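Remarks on the structure that follows.
The values are calculated or read from the model by the stated rules, or taken from the named source; none is laboratory data. Predicted model only: the values in this text are computed from it and were never measured. Here Cβ is always computed from backbone atoms with ideal geometry, including for glycine, and neighbour counts include all displayed protein chains.
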Amino acid sequence: MALSLSLSPQFGRMVDPQYVLPNDIGVAMLDCAEAFHLLSAEERLYAHYLSRACWYGGLVVLQQTSPEAPAIFALLSRLFRSQDPTQLGEVAHSLGLSDEEYQAFLVYAAAFYANMGNYKSFGDTKFVPNLPKEKLKQLVWASQAFADHPKEMEALWGRCAERMFSLEPTQKHLGLCGQGTSTYFSANCTTEDAKLAQDFLDSENISAYNTRLFKTKVDDKVNYEVRLASVLSDDSQLDADMSAKIKCFEFGGCFFTVTRGDYSPLLEKVVENLKKAQRHAANPTQAEMLSHYIASFTQGSIVAHKEGSRCWIRDKGPIVESYIGFIESYRDPYGSRGEFEGFVAVVNKAMSAKFARLVAAAERLLEELPWPRAFEKDTFLKPDFTSLDVLTFAGSGIPAGINIPNYDDIRQTDGFKNVSLGNVLAVAYSTQKEKLTFLAEEDKDLYIQWKGPSFEVQVGLHELLGHGSGKLFVQDDSGAFNFDHEAVINPETGEQIRSWYRGGETWDSKFSNVASSYEECRAECVGLYLCLNKEVLGIFELEGEDAEDVIYINWLNMVRAGLLALEFYTPESGTWRQAHMQARFVILRVLLEAGGGLVSLQHTTGRDGKPDAVVSLDRSKITTIGKPALEHFLRKLQVLKSTADVAGGRTLYETYSAVTDEKPQRFLSLRKTVLLRKEERKLFVQANTRLEGKDVVLVQYESSAAGLIKSFRDRFREDAEVLEKCLLEMAQADAHFWES
């Protein structure tokens with residue numbers, strides 16, 4: 001059931017509200033001035049060059065998102081380098097564009113920068129300018145950028161305008177051939193192609209994280225190019241590990257050629273700035289970490305990136321924290337390839353002290369989780385867990401918390417780090433009562449009061465003890481097991497373990513497109529389950545009635561999020577577009593299934609006469625009905641994950657992910673209500689750092705679409721033309737792969 005189109009009185013055209021952004025979208029500045037000014041001169045230089053590396057690497061996301069994204073970026077860059085938003089606005093008004101139309105363009109440009117492309121980072125839905133195409137063309141033609149370079153601007157418009165506005169069915173969402181758009185793959189790649197390629201990569205022990213897949217057909221013979229991201233594009237200067245991989249293979253009746261050099265010009269800038277940052281590292285471990293990252297991006301080696309990640313884990317309690325590389329696989333339709341991401345942040349000592357106490361209690365708390373000891377890691381490797389104020393977060397979006405690295409082998413043996421992003425939490429989850437949807441009136445004040453503190457607790461538990469818990473049963477290439485395969489009993493069946501991971505197999509490669517959401521669901525369940533623990537609440541300085549309110553709001557927030565998740569479900573294809581939101585819908589289903597009046601969903605009519613809904617939670621039944629239901633479900637999730645039971649895991653997860661219109665919930669009907677009353681996620685304006693002599697200064701911007709645009713204009717001002725040329729050349733070289 002698609003949301004019906006409505007005629008926009010402002011623009012006189014049919015607008016589907018799913019694919020445009022409102023002019024009053026929230027825009028928030030990530031304030032990091034206090035933390036930044038406490039840094040020493042060396043720390044500021046380290047943070048500056050790391051930030052530059054992150055921002056250059058973040059441009060890779062344009063190439064990973066859509067065929068038109070690089071050209072749109074270049075078009076916007078040229079417009080706003082020639083005239084700032086105020087000056088361009090004067091041109092717009094002289095052409096007869098209304099204030100609303102010009103603001104719609106500014107919102108589009110700001111959202112494009114914030115998402116590093118024209119698809120939402122949270123939900124993978126395309127967004128288009130909310131003004132007529134011809135009016136935007138008039139503005140481009142009347143701009144100073146066009147006056148200075150008419151041929152170049154006309155060519156840029158020709159390269160991106162059609163797809164910028166297009167809402168063809170396969171361009172509305174990210175996805176594989178026939179289902180959506182993805183530049184991780186050539187346009188002719190299907191799920192079957194992705195599966196075959198993954199089997200090939202596993203057979204050669206090649207990670208998919210920094211790859212893309214391109215398919216061609218010659219004389220009825222299928223050829224695949226697996227392209228590795230690297231600075232180097234030829235076979236010189238290769239280490240032994242990479243030399244063995246850069247060649248042609250025959251597999252599954254097809255030919256696979258492994259090449260490198262993807263995103264080379266951008267990664268060259270990343271490496272250049274990592275080398276500069278290395279001169280200001282606080283200790284030898286940081287310097288070694290950056291050496292491995294430099295080798296990884298230069299050669300295309302995930303092995304080197306893993307070594308850098310091990311150093312990163314060993315670098316305990318740095319004042320300036322950073323991680324960079326091909327990290328999260330949420331936006332790969334197959335679930336294996338990592339999007340480029342890089343962040344730089346400064347420690348928040350007060351909140352970090354709470355997380356340190358949580359880490360200290362972690363081993364005791366892990367014993368509370370509802371699976372046998374054999375299903376937990378042999379040793380809990382106590383990680384760093386810090387609260388940070390973000391200085392730089394380059395990529396398609398900014399999370400509230402992070403648990404990395406994502407490499408299964410490192411997490412099992414070396415450990416991980418947890419990061420809570422304090423200045424993101426401070427602004428992202430602030431709520432106005434009048435904009436609170438789907439809650440009973442009597443819950444709203446309590447929700448506003450305790451949502452922030454409850455989310456701090458949930459993020460802490462989710463990252464540390466959710467993602468940080470659980471063992472994968474593995475048999476390595478030598479035949480050795482990391483568990484007693486004859487003695488360990490499956491608590492769900494009472495029988496011996498019958499399946500496990502083989503050498504080269506990982507959680508992502510086995511569970512592919514369900515892996516990310518399944519793991520987020522497991523981590524969210526751990527957070528809900530352990531927030532009932534009084535010791536946990538005490539760590540966050542919560543007790544008595546306050547502690548009970550935080551438990552209630554945390555659980556209420558989760559069931560409300562499960563309803564809001566319906567926005568991210570696509571009925572036409574029966575697919576979910578966002579891993580976290582699918583996870584929250586699954587949890588809502590589990591708690592509804594528990595029965596006993598724990599959770600209820602009501603279809604109602606709002607004061608405006610339009611469809612509405614109310615979700616409610618009986619707080620007296622959280623421990624008596626909710627906890628046992630979650631305990632049973634969470635144990636199933638962990639056992640299926642530990643044992644690499646792909647068939648069982650998929651069946652369980654996809655059953656709870658199903659969206660139907662069956663009574664009593666009628667989820668498809670509720671989805672229309674959710675879309676009707678949705679509020680867009682905030683856009684974040686980030687600071688820049690600038691060298692002034694030997695010092696680094698912080699430049700912050702206003703909380704507006706114009707402020708966000710100015711931040712990007714300034715970010716690449718020195719070499720904008722070179723970067724635009726690189727992006728356009730890379731996109732042009734690959735253009736034939738996106739032609740159907």
Subject >> Which listed residue is part of a loop (DSSP other than H, G, I, E, B) and without any contact (Cβ under 8 Å) to a residue 40 or more places away in the chain, from 541, 492, 486 >> reply: 486
**OP:** Only residues in region 171-184 that are over 16 Å from residue 115 (Cβ atoms) count as the first member; pair them with residues that are hydrophobic (A, V, I, L, M, F, W, C) and surrounded by fewer than 22 Cβ atoms within 10 Å (Cβ to Cβ), Cβ under 7 angstrom, at least 6 apart or cross-chain, and list the lot.
**Re:** 177/187
Original post:
Under the condition of being surrounded by 19 or more Cβ atoms within 10 Å (Cβ to Cβ) and more than 21 Å from the chain's Cα centre (by Cα), which residue from region 265-278 is farthest from residue 722 (Cα to Cα)?
Top reply: 278
Subject >> Residue ID - surrounded by the fewest Cβ atoms within 10 Å (Cβ to Cβ), chosen from residues in region 606-625 that are assigned to a helix (DSSP H, G or I) and under 34 Å from the mean Cα position of the chain (by Cα) >> reply: 623
Original post:
Of all helices (runs of 4 or more DSSP H) completely enclosed by region 237-349, which ones contain at least 2 residues that are at pLDDT 95 or above and within 21 Å of residue 57 (Cα to Cα)?
Top reply: 264-278, 284-299, 302-314
**OP:** Please specify each residue of region 460-483 satisfying the condition of being among the aliphatic types (A, V, I, L, M) and surrounded by fewer than 24 Cβ atoms within 10 Å (Cβ to Cβ).
**Re:** 472, 474, 480
Original post:
Which condition number does residue 158 fail, the rest of (1) part of a helix (DSSP H, G or I); (2) under 24 Å from the mean Cα position of the chain (by Cα) being met?
Top reply: (2)
Original post:
Any idea which of 455, 511 is touching a residue at least 40 places away in the same chain (Cβ under 8 Å), outside any loop (DSSP other than H, G, I, E, B) and in contact with a Gly (Cβ under 8 Å, 6 or more places away or on another chain)?
Top reply: 511
**OP:** Residues being part of a loop (DSSP other than H, G, I, E, B) and either small (Gly, Ala, Ser) or crowded, with 22+ Cβ neighbours inside 10 Å (or both): count how many of those fall in region 22-66.
**Re:** 6
Subject >> Members of region 206-230 that are in a loop (DSSP other than H, G, I, E, B) and within 25 Å of the chain's Cα centre (by Cα) >> reply: 206, 207, 208, 209, 210, 230
Original post:
Do any residues in region 250-264 that are over 27 Å from residue 231 (Cβ atoms) have Cβ atoms under 8 Å from those of residues that are hydroxyl-bearing (Ser, Thr, Tyr), where the two are at least six apart or on different chains, and which pairs are they?
Top reply: 251/203; 254/224
Original post:
Quick one: would you say residue 82 is of a type in the set (Ser, Thr, Tyr), in contact (Cβ under 8 Å) with a residue 40 or more places away in the chain, closer than 24 Å to residue 702 by Cβ and buried (at least 20 other Cβ atoms within 10 Å of the Cβ)?
Top reply: no
Subject >> Any chance residue 143 is at pLDDT 95 or above, polar (S, T, N, Q), buried (at least 20 other Cβ atoms within 10 Å of the Cβ) and closer than 30 Å to residue 337 by Cα >> reply: no
**OP:** Would you mention how many residues in region 180-205 are surrounded by fewer than 21 Cβ atoms within 10 Å (Cβ to Cβ) and assigned to a loop (DSSP other than H, G, I, E, B)?
**Re:** 5
Original post:
Considering region 313-356 alone, what residues qualify as being of a type in the set (A, V, I, L, M, F, W, C), in contact with a helix residue (DSSP H, G or I) (Cβ under 7 Å, 6 or more places away or on another chain) and farther than 28 Å from residue 514 by Cα?
Top reply: 319, 320, 344, 346, 351, 355
Subject >> Flag if residue 87 is assigned to a helix (DSSP H, G or I), at pLDDT 95 or above and surrounded by 15 or more Cβ atoms within 10 Å (Cβ to Cβ) >> reply: no
Original post:
Out of (1) surrounded by fewer than 22 Cβ atoms within 10 Å (Cβ to Cβ); (2) touching a helix residue (DSSP H, G or I) at 6+ places or on another chain (Cβ under 8 Å); (3) at pLDDT 95 or above, the odd one out for residue 382 is which?
Top reply: (3)
Original post:
Does residue 698 satisfy being in contact with a helix residue (DSSP H, G or I) (Cβ under 6 Å, 6 or more places away or on another chain), in contact (Cβ under 8 Å) with a residue 12 or more places away in the chain, assigned to a strand (DSSP E or B) and surrounded by 15 or more Cβ atoms within 10 Å (Cβ to Cβ)?
Top reply: yes
**OP:** Could you list, in sequence order, all residues of region 387-429 that are part of a loop (DSSP other than H, G, I, E, B) and either farther than 19 Å from residue 469 by Cα or among the polar types (S, T, N, Q) (or both)?
**Re:** 395, 396, 397, 398, 399, 400, 406, 429
Original post:
assigned to a strand (DSSP E or B), among the charged types (D, E, K, R), surrounded by fewer than 17 Cβ atoms within 10 Å (Cβ to Cβ) and at pLDDT below 95 - does that describe any residue in region 500-507?
Top reply: yes
Subject >> Sole residue being assigned by the TED database to the domain that holds residue 545 and crowded, with 22+ Cβ neighbours inside 10 Å, chosen from 387, 454 >> reply: 454
Subject >> Close pairs (6 angstrom Cβ cut-off, 6 or more residues apart or separate chains): in the same structural domain as residue 551 (by the TED database) and in contact (Cβ under 8 Å) with a residue 12 or more places away in the chain in region 614-635, assigned to a helix (DSSP H, G or I) and among the charged types (D, E, K, R) anywhere >> reply: 615/560
